[in-house]
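Chemist: Below you'll find the structure I mean.
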Amino acid sequence: MNGRDPNSKTTVLVVGGGVSGLAAACRLVEQRDTLQLDLNVKLIEAADRLGGSIETTSRDGFLLEGGPDSFITQKPWALALVKRLGIEDRLIRTDPDLRRTFVVRKGRLLPVPEGFMMLAPTRWWPMITSPLFSLRGKLRMGLDLFIPRGPEQADESLASFVTRRLGREALDRMAQPMIGGIYTADPKNLSLRATMPRFLDLEKQYGSIIKGMRAGQKQTQKHAPRDAGARYSLFVSFDAGMEVLVDAIAERLGASVVTTGRAARRLSRNRDDKTWTITTTDGESITADAVVLTTPAGASSRILADLDADLAASLAAIKYASSATLSLAYRRDAVAHPLDGFGFVVPAVEKRPLIAGSFSSVKFAGRAPDGHVLIRAFIGGAMFPEQMALDDAEITEAVQRELAALLGITGEPLFTALRRYPDSMPQYPVGHLERVERMFVQIERLGAIRLAGNAYGGVGIPDCVHAGEQAADAVLDQLGLVADTRGGDAA
């Protein structure tokens, strides 16, 4: 990979082999083959493996996920990629009879009231009878129907919005653990526009979150097909774990495209003012006509430092939180709880050393042998950084103690598996989207370079796929190789 490709084809280099980088490279290869482009695609990844935080391992008949264990089907981009890769038949869905989540309150696991959608209720009786909220908290949530719209503004924090519309208890008992947990963020700093813009739009349109969600439900039911049920559940995974997706993309790309164990150090513009050279940490150099950077924001900042100091500073200012997952294997008879749901979330006000817990072997089939269960705990995040300072033994001991109390577990687990993800979750503060838009304008001015990844517009797998595909289409358009940029929307 030294210097210019010997065939002098147009070369596009993707830096980073996480989901966004893989999706970008796959999109480039798809366009190359479909449109018969004279295109050379290269991808370099600093680690010795692809997939980023996606890590699937097997042990003693258990299937363990270190990072993401599924993706959502509401956002179409990951599912569309799966179909194009020909691995749709390997998707598995969640059990429709067990689709409920618990919330910890005073050491007990209480079910989320039926009809409660992330922030607010859409059905009254389940909420009224739920012990999850106090009577005062329930009455305060109901005031959302009468409180006037707030002042029109471009963005607002999750904490400000939920407290204003639904009250403090709705924030502490539901919104913070549910939404803040997804982004491992402090709700006082979390941008609602960047994470859950629908709720700001509902207030603007209906003047009430509850009214807006109920209207949305009616529309969904009205237009739902009357024949067979949905083909997919909201969350889907693969029969052999999430690395099925990584392996399928890697196979599609081929060995000639991918190089692992090579990290980018600096990007510079060549004298012809049209091509770029990436210098790697091992002293190699790669010349390309276009570059897609999918590395974390801090790494992208260092790579771009010589090209645009202001852009590099903006990227360096994006903050990240660290987290960890701990998988624990048990015999089924060691766990007293019926495990009649997918897992639980832990409000920060409970002051426990867990963000959440997932009943992995209940959520998806094939994760544990018969007579056994697999549970996964989530630790750390922006609100509990001190937990990540603990050593592995201390984290494991604390989690085991908590799970024993919450789930009635007796005895030791058959084994545990801890995975740490330092600085893995970008934080989306209020105004995040506006700052990202400015950065994207800055990098577009440099030429055929684009940014993609979870630091900009979404942390989920579909969002990362979409970002990678959009970046790939954008550089091809910049190079004049394609006229139509679909951004990955077509299946």
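The values are calculated or read from the model by the stated rules, or taken from the named source; none is laboratory data. All figures in this text were calculated on a predicted structure; none of them were measured in a lab. As a convention, Cβ positions derive from the backbone with ideal geometry for all residues, glycine included, and neighbour counts pool all protein chains shown.
Chemist: What do you reckon, is Gly298 within 28 Å of Gln176 (Cβ to Cβ) and out of contact with any Cys (no Cβ under 6 Å at 6 or more places or on another chain)?
Modeler: So Gly298 passes the test.
Let's see how each residue does on (1) within 30 Å of Ser208 (Cβ to Cβ); (2) among the aliphatic types (A, V, I, L, M); (3) at pLDDT 95 or above:
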residue	(1), (2), (3)
Glu45	no, no, yes
Gly67	no, no, no
Trp77	no, no, yes
Lys83	no, no, yes
Gly86	no, no, yes
Arg100	yes, no, no
Gly115	yes, no, no
Leu119	yes, yes, no
Ile128	yes, yes, no
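Chemist: Here's another thing I want to ask about it. Give me the residue from the stretch 416-463 that is assigned to a loop (DSSP other than H, G, I, E, B) and closer than 28 Å to Ser268 by Cα and, out of that set, modelled with the lowest pLDDT.
Modeler: My answer is Gly457.
Yes/no matrix, rows are residues, columns are (1) at pLDDT 95 or above; (2) over 22 Å from the mean Cα position of the chain (by Cα); (3) within 20 Å of Ser358 (Cβ to Cβ):
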site	(1), (2), (3)
Gly107	no, yes, yes
Thr122	no, yes, no
Gln153	no, yes, no
Gln176	no, no, yes
Arg193	no, no, no
Arg198	no, no, no
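Chemist: Can I ask one more? Anything in the stretch 45-94 that is aromatic (Phe, Trp, Tyr) and over 22 Å from Leu374 (Cβ atoms)? List them, or say none.
Modeler: Trp77
Chemist: Still on this structure, please answer the following. As an exercise: evaluate Gly52 against (1) assigned to a loop (DSSP other than H, G, I, E, B); (2) in contact (Cβ under 8 Å) with a residue 40 or more places away in the chain; (3) in contact with a Gly (Cβ under 9 Å, 6 or more places away or on another chain) and give the number of the one condition it does not meet.
Modeler: Gly52 satisfies all of (1) assigned to a loop (DSSP other than H, G, I, E, B); (2) in contact (Cβ under 8 Å) with a residue 40 or more places away in the chain; (3) in contact with a Gly (Cβ under 9 Å, 6 or more places away or on another chain) except (2).
Chemist: Then there is this: Is there a residue in the stretch 374-384 that is over 30 Å from Thr294 (Cα atoms), within 23 Å of the chain's Cα centre (by Cα) and not in a helix (DSSP H, G or I)?
Modeler: yes
Chemist: Could you tell me which of the residues Arg123, Arg32 is surrounded by 16 or more Cβ atoms within 10 Å (Cβ to Cβ), touching a strand residue (DSSP E or B) at 6+ places or on another chain (Cβ under 9 Å), among the basic types (Lys, Arg) and more than 27 Å from Val459 (Cα to Cα)?
Modeler: Arg32
Chemist: Here's another thing I want to ask about it. Can you tell me which residues in the stretch 273-287 are of a type outside the set (Ser, Thr, Tyr), closer than 16 Å to Leu13 by Cβ and surrounded by fewer than 19 Cβ atoms within 10 Å (Cβ to Cβ)?
Modeler: Lys274, Asp282, Glu284
Chemist: Which of (1) over 24 Å from Ala25 (Cα atoms); (2) surrounded by fewer than 21 Cβ atoms within 10 Å (Cβ to Cβ) does Ser360 not meet, given it meets every other one?
Modeler: For Ser360, the exception is condition (2).
Chemist: Within the stretch 274-285, is there a residue that is more than 20 Å from Asp477 (Cα to Cα) and touching a helix residue (DSSP H, G or I) at 6+ places or on another chain (Cβ under 6 Å)?
Modeler: So far as the stretch 274-285 goes, no, none of its residues is more than 20 Å from Asp477 (Cα to Cα) and touching a helix residue (DSSP H, G or I) at 6+ places or on another chain (Cβ under 6 Å).
Chemist: Please state which one of Asp89, Asp48, Asp60, Asp38 is in the same structural domain as Arg265 (by TED's automatic domain parsing), closer than 30 Å to Ser361 by Cα and surrounded by fewer than 17 Cβ atoms within 10 Å (Cβ to Cβ).
Modeler: Just a single option satisfies the conditions, and that option is Asp48.
Chemist: In a helix (DSSP H, G or I), modelled with pLDDT under 95 and within 23 Å of the chain's Cα centre (by Cα) - does that describe any residue in the stretch 388-405?
Modeler: Within the stretch 388-405, one or more residues are in a helix (DSSP H, G or I), modelled with pLDDT under 95 and within 23 Å of the chain's Cα centre (by Cα).
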